[in-house]
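Notes for the one structure printed next.
The values are calculated or read from the model by the stated rules, or taken from the named source; none is laboratory data. Quick caveat, the model's predicted, so the values are computed rather than measured. Surface areas here come from the heavy atoms of the whole protein model, side chains and all, with no ligands, DNA or RNA. Shrake-Rupley method; radii C 1.70, N 1.55, O 1.52, S 1.80 Å.
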Amino acid sequence: MKSQIPSLFHAAAKVPTPSRSAPAALTSKVDVVLGIAAWAGTAAGVAGVLITGTMMAISMKRGESSEHMSRLGMVLGGCVLVATAGPIVTFVFA
């Protein structure tokens, strides 16, 4: 039993540790995809606010009462999440 313990440590010591840098071709492609996703998230947030505002205006004109403020809160919460996703990931993993 005593002879197995050092052999386990030697086996664990031979595990390679990769570097933190990715190939340049991969990082450029990932940056393009993340840029497109950021623009799409921003566009979806703007569209959500516009659609919610339009629905609120139509309901107000008709005299209906609806729960548009909760819908607007969810849309604005999504906008905040999309806007802060990049800085949060940079803070956590940098």
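Points to keep in mind about this one:
- If you go through the stretch 27-75 and keep only what is modelled with pLDDT under 85 and among the basic types (Lys, Arg), you end up with Lys61, Arg62, Arg71.
- Residue, nearest to Leu34 (Cα to Cα), within the stretch 62-88, restricted to residues that are among the β-branched types (Val, Ile, Thr) and open to solvent by less than 80 Å² (accessible area, probe 1.4 Å): Val82
- Conditions (1) open to solvent by 80 Å² or more (accessible area, probe 1.4 Å); (2) part of a helix (DSSP H, G or I); number of the one not met by Ser59: (1)
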